[in-house]
Each structure stands twice: as structure tokens, then as C-alpha cells.
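Undergrad: The structure under discussion is supplied below as C-alpha cells; questions concerning it will follow.
The values are calculated or read from the model by the stated rules, or taken from the named source; none is laboratory data. This structure is a prediction, so every number in the text was calculated from the model and none was measured. Note that each Cβ is placed from the backbone with ideal geometry, even for glycine, and that neighbours are counted across all protein chains shown. SASA here: full protein model, heavy atoms, side chains in, ligands and nucleic acids out. Shrake-Rupley method; radii C 1.70, N 1.55, O 1.52, S 1.80 Å.
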Amino acid sequence: MEEQNKSAKRRERIKTILIIFLVILLLLTFFSNSIMNHSLPTVSAQYAGYGTINEKVRGSGLVTANQKYDVKAEGNRKVSKVLVKVGDEIKAGDDLFVLEASVDDEAIKAAESAIQEAELAYQKALLTAAPDYADKNQEIANARADLQAAINKLNAARASAGSQISAAAYAQASKRASDAQTQLTELGGYLALAQSGELDGIPSQYTSGSRSAQDAFDAASARLAAATAALEEKTAAVTVSSAEQQATVTSLEREAEKADIAYERAKADYEASASDTELKRAMEDAEQTARYAHEDAARAAEELVQIQGKEAEVAAAKEAVAAAQAEADAAKSAKDGSAGSVVQAIRNDMDAAQRTADEAAAIMNAYDAQGETADLATLQEAVTTQERTLSGLISELAKTQKDDQLADQINKLDLKSQEQAIAKQKDELAKLQKDSGSLTIKSKNAGIVSELDCAAGDEVMDGMTLAVVNLTDAGYTVQFTVTGEQARKVKVGTIAEVTNAYYSDITAKLISSRADTDNPSSQDKVLTFDISGEDVTPGQMLALSITCSSASYDCVVPSSAIKSDQDGKFVLIMTSKSTPLGNRYYATRANVTVLASDEINSAVSGDVSYSDFIITTSEKPLTPGMQVRMEE
């Protein structure tokens, strides 16, 4: 009996265990779908559909000034005060820095005294007397006369040996000699006048050509004076250069463009406000301001044309002055040449008179020597002696002149060295004077201080940069790099939207698209924008957007759904499969080509259609074929 009870209890326990197992198995069967879903990645999806893509090119960059101005230190000094800070707007002539003196007055006085002593020594060296060869030239002239007298006696002795000279012949020779001497004296006076430039006392037979040249020179000088006066008159009429007026025209045209932009904005505000009275008045004021701005620009352009005409007249007047100057120079050369011809004509007549006098003297000497018995050998020896004496005097003068020329060259080198030394001392004095006394550094241009390179108490060297000023009048630019495909979609001259500077008057205009020289192997382009507006700040980061095109497409998906790998771009489509326990969802790959994109969506083509359910987000990374579950 006891064995039967034990067997019955064992069967009951086995039965209970089997029932529990079957219950657990049944529960697992019914809840397996829910358990598995909790282990799958959750995704969000939406249908692809028809839509419009507003394609834009975006980028950002720092605002930089087109031109900068470096403020330089003058001399070696210590910075006493810094009167500006980074970001300050300054005007031409504003005080920027105060620099302390680095040199005392005693050093300057010592340098000035040294220069005075050096200049005095230089002036004394200039006073060295020029070599005087008058005595030696007179000795040579006397020796020539003695030689000529000896030759005349020798010739007379030779002539008297074969013929006799009558008293009548002697008298005629004497008269010719006297007349020739008188003519030589008179011609000598004419020669002195001609050499000094005085032609009034010279007979017209010598001066007729020179007077004509003088008259031509006077006439040319008068025309040069008239042309110079005309040039001065036309130059005085040009009070503003065409370059300055062009800058004014450019500035006024820019102001007119700004006025147009302000008017367009005011007009848009008024049209959007349902005829608000205040906005209408603001629009009318903006329209009037724009009209006046364009009128000012037009007047400035007309004045530019007038100024250019006046400058053309000045250029023509300069050419006339140059031509008159050339004519005057040619007339002066002709006048100087004619003066030389007067001197030469007088000298020719003097040579002829001298030959006549010499011939008469030879006849007179021969007549006087008829009674003398000196032999020819003695007279020939006297001629030889006089020739040797003359040759010795000429050689001695040549040696003296050569020695004096050498001494003069040495003296010139010494003077040159003194000049250079004085110039160097003056440069050093100028540097000392530059470093003496406190110095206020002023701005040469208007702009905004973008950089300070020194502080009060700093020691600065001559030419060192103290600050950098961005020139506001030169404008500002922003640059950023885009792909070559993006660059082809934009046009120079397009106005870009500034997306991070709300409620400002900043405008950006595309002015150039060039290759990226920093990365020449790529097809990237650098876009450059002209930035204008009162709110522009150098160093400011601007985000720009340019609308390229707007088009409708049959298949548009969220840009976040597009992925890419080594095989190209693709999206994951959610597909479903029915099972006994319900629907199962899978991520299926569909290769696509992106046709266009904007901030949110992209137009695609390929293995996807407008009715496909596109996975947009996932809580975990997905791979094609992975099972997923929908977000609840």
C-alpha cells in the first residue's frame, strides 16, 4: 500500500512539471513577437514623394579688409601712451600713439658742432688757388718772338746774298707793317668783344649771321614763355584730379546702390504691411533719398568728364611747352655756334694781317742786314739755339701742368671724401633729431584699428609696426571654398543672403570665382564676395547662401536618409514580410543618384519610386537586410 502511494505522488509531480512546462512554452509562443521586437533597432520612415527643391550654395568666411595700413614707428623710442584700442574707428589725422624721446639735446648739439667744423674745413679746401701758367706762357711767347726774329735775320741774310733791296721797297714794307699792326690791334679789340659776347662794337661784316641767330633765339624764348604761361593757367584750372573725382564718383555710386537697397526694403515692408501709413512714408522718403543719391552721382560723373577734358588740355599744353623748349634749345645752340663763327672770322683776318706784318718785317730786316757781314753759319746757330730754348720751355710747362692735374685729382678725391663724411654726419644728426622730443604718431588714413602690436612701456625700433588699420573706404570681402560643380551653378554679380546677421544692413555680392591655388590638384573654386553695409565688422564670421535654382522632381526624399559607401549613394527602404506571428520589417538597399539638394530634402533617381517607404532615422546603425521595427 505504501509503495502505491509513493508511485501516485511521483506521477502527480511529473504531471505538474509537464503542465508548468507546457504553460511556459505556450507563453513564449504567444509573446515571442513582442520580445523579438524589443531587441530590434527602432526606425522612422516616410514615403518618397513629389516635391520642389530650392538648391543653394552655402559657405561661411571671415570679413577681411581689402586694404590695410600699417602704422610705423619713427625712430627708436619708448611707447608712452596708446590712445586707441582694437575695434576703434579712426579718421585721418587722429592721434594714435605718444612716443618718448630717446636722445638728449647735448648729443644733438655735439653733432651740429662736428658738422660745422667739417663744413668749414671743406670750404677752406675749396679755396685752394688754381694753377697760374701766365708767366710760363709769357716766357714761351717771348721765346717764339726771339726765334722768329732769328729766322727773319737768317732769311734776310740769305736774300741779301743774291739781291739788294731799295729804299723805296723798304718804305713800302714799313708802311705795310705799320698798317698790319694797326689792323691787328683793332682786330684784337673785336676778338675780346666777341669772346665776351658783346657784338655791338663789332662791324656787321662779322656779326650779321650771329644777330639773325640772336633774333631767332629771342623769338623762340618768347614762344616758350607764352607756352609756359598757358600751361600754368590750364594747370591752375584743374583743382581736383580725375583720380580723386573718380573716387568721389565711385563713392557716390555706392551710396546710390545702398539707397536703392534701402528703398527696395522699405517698399517690400510697405507692400507686406497692408498699406501702413508710416511704412508708406518711409518708402517715399527712401525713394527720394535714392533719387537724390543718383542725381549726385550723375553730377559727379559730369564733373569727372569736365576734369578729364581739362587734364587733356594740360597734357596738350605740356606738349606745347616741350616743343617750345626744344625750339629754344635749338635756337640757343645756333646762337652759340654763330658766336663761335664770329670769333673764327676775326681770327682768320688776324692771321692774314700777321702774315702781312711778318713778310714786311722780313723785307725790312733784309734791308737792314745788307750792310752787315755776319755769316750764315752764325745766324743758323742762333736760330737753333732759340728753337732749343722754346722746346725746353714748352716741355717744362707740359710737365708742370701734368703734375698740377695729378694734384688736382687727388684734391678732388679728398673733397669727395669730405662731402661724403659731411653727408653721413648730417644723416646721423637727422636721425638724432628724429629721436629727440616726444612724438605723437597720427593716422594717415581713416579706418578701423584691427591690430595693436605694442603697449605702453614697450621699446620700439624705427620702422616697426605699431598697429594695423583696416581702410574702411577700400571695402571688405569674404571668401570660402566650394566644389567645382557648385561654382558652375552660381554667377558673378549675384547677391547672396546673409543668414547669420539678422536685422543688419550687410549685403554680399559675388565678384569672382577662381581656382583654389592652395589645393591645385582639386577642382574646387574660391568664391569672393564684396561686403558692404554700416554694420560690417572686420573679423566677423558671415554665413552666406546663394540660391542656384528651383525645380520640381518626381521623387524627393529627406537628405538625412541618403547614405554612401564605396559602391555609391543609396537609401534604405522599409519592406515587409508576412509570417504566422505577424509582419516582419526589413531595411532594403536602393541605389540612387542625387539630382539636387536643399537644406532638408534631395531629389533622387534610381531604384526608388515615390511610393517607397524611406527610412530616415534609426537608433542604431543599419545594414541592408537587417530586420527593424517601426517607431511607435
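Undergrad: Can you tell me which residues in the range 300-342 are at pLDDT 75 or above, open to solvent by less than 40 Å² (accessible area, probe 1.4 Å) and in contact with a helix residue (DSSP H, G or I) (Cβ under 7 Å, 6 or more places away or on another chain)?
TA: Narrowing the range 300-342 to residues at pLDDT 75 or above: 300-330.
Adding the requirement that they be open to solvent by less than 40 Å² (accessible area, probe 1.4 Å) leaves 300-301, 304, 307, 309, 314, 317, 321, 324, 328.
Listed by number, the residues that qualify are ALA300, ALA301, LEU304, ILE307, VAL314, ALA317, VAL321, ALA324, ALA328.
Undergrad: Which residues, taken from the range 535-592, are under 30 Å from ASN66 (Cα atoms) and open to solvent by less than 20 Å² (accessible area, probe 1.4 Å)? Lay out the reasoning, then the answer.
TA: The first filter runs over the range 535-592 and keeps only residues under 30 Å from ASN66 (Cα atoms), leaving 535-548.
The answer is VAL536, LEU542, LEU544, SER545, ILE546.
Undergrad: Another question about this same structure. If I ask for residues that are open to solvent by less than 40 Å² (accessible area, probe 1.4 Å) and among the β-branched types (Val, Ile, Thr), which ones from the range 500-521 would you list?
TA: Correct list: ILE506, THR507.
Undergrad: Something else about it: In the range 450-499, what residues are open to solvent by 70 Å² or more (accessible area, probe 1.4 Å) and under 23 Å from GLY533 (Cβ atoms)?
TA: Selection gives GLU451, ASP473, GLN479, LYS491, VAL492, ILE495, GLU497.
Let's see how each residue does on (1) farther than 18 Å from SER44 by Cβ; (2) touching a Cys at 6+ places or on another chain (Cβ under 8 Å); (3) among the aliphatic types (A, V, I, L, M):
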| position | (1), (2), (3) |
| --- | --- |
| SER576 | no, no, no |
| ASN583 | no, no, no |
| TYR586 | no, no, no |
| VAL594 | yes, no, yes |
| GLY606 | yes, no, no |
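Undergrad: Same structure again: Within the range 456-489, how many residues are modelled with pLDDT of 85 or more, in contact with a strand residue (DSSP E or B) (Cβ under 6 Å, 6 or more places away or on another chain) and not in a strand (DSSP E or B)?
TA: Of the residues in that region, 2 qualify.
Undergrad: Tell me the strands (runs of 3 or more DSSP E) entirely within the range 507-594 that contain at least 3 residues that are without any contact (Cβ under 8 Å) to a residue 40 or more places away in the chain.
TA: Working: elements: 507-515, 525-532, 541-558, 563-565, 568-579.
The qualifying strands (runs of 3 or more DSSP E) are 507-515, 563-565, 568-579.
Undergrad: Quick one: is LYS620 in contact with a Pro (Cβ under 6 Å, 6 or more places away or on another chain), open to solvent by 40 Å² or more (accessible area, probe 1.4 Å) and farther than 21 Å from GLU485 by Cβ?
TA: yes
Undergrad: Scan the range 405-442 residue by residue and report those that are of a type in the set (A, V, I, L, M, F, W, C), touching a strand residue (DSSP E or B) at 6+ places or on another chain (Cβ under 9 Å) and at pLDDT below 80.
TA: Filtering the range 405-442 down to residues of a type in the set (A, V, I, L, M, F, W, C) leaves 406-407, 410, 413, 415, 421-423, 429-430, 432, 439, 441.
Now narrow it down to the ones that are touching a strand residue (DSSP E or B) at 6+ places or on another chain (Cβ under 9 Å): 439, 441.
Residue satisfying the conditions is LEU439 alone.
Undergrad: Shifting gears a bit: Does VAL98 satisfy being in a loop (DSSP other than H, G, I, E, B) and surrounded by 14 or more Cβ atoms within 10 Å (Cβ to Cβ)? Before you say what the answer is, go through the steps one by one.
TA: Details: in a loop (DSSP other than H, G, I, E, B): no; surrounded by 14 or more Cβ atoms within 10 Å (Cβ to Cβ): yes.
No, not satisfied.
Undergrad: So which residues in the range 261-284 are out of contact with any strand residue (DSSP E or B) (no Cβ under 7 Å at 6 or more places or on another chain) and open to solvent by less than 80 Å² (accessible area, probe 1.4 Å)? Break it down stepwise before answering.
TA: Of the range 261-284, the ones out of contact with any strand residue (DSSP E or B) (no Cβ under 7 Å at 6 or more places or on another chain) are 262-284.
ALA262, TYR263, ALA266, LYS267, ALA268, TYR270, SER273, ASP276, LEU279, ALA282, MET283 - these are the residues of the range 261-284 that are out of contact with any strand residue (DSSP E or B) (no Cβ under 7 Å at 6 or more places or on another chain) and open to solvent by less than 80 Å² (accessible area, probe 1.4 Å).
Undergrad: Conditions: (1) farther than 30 Å from ALA192 by Cα; (2) touching a Lys or Arg at 6+ places or on another chain (Cβ under 8 Å); (3) touching a residue at least 40 places away in the same chain (Cβ under 8 Å). ALA286 meets all but one. Number of the miss?
TA: Exception for ALA286: condition (3).
Undergrad: Could you go through the range 418-426 and let me know if any residue there is closer than 30 Å to LYS78 by Cβ and open to solvent by less than 90 Å² (accessible area, probe 1.4 Å). Let's see the steps before the verdict.
TA: Looking only at the range 418-426, we keep the residues that are closer than 30 Å to LYS78 by Cβ, and these are 423-426.
Narrowing further to those that are open to solvent by less than 90 Å² (accessible area, probe 1.4 Å): 423, 425.
Yes.
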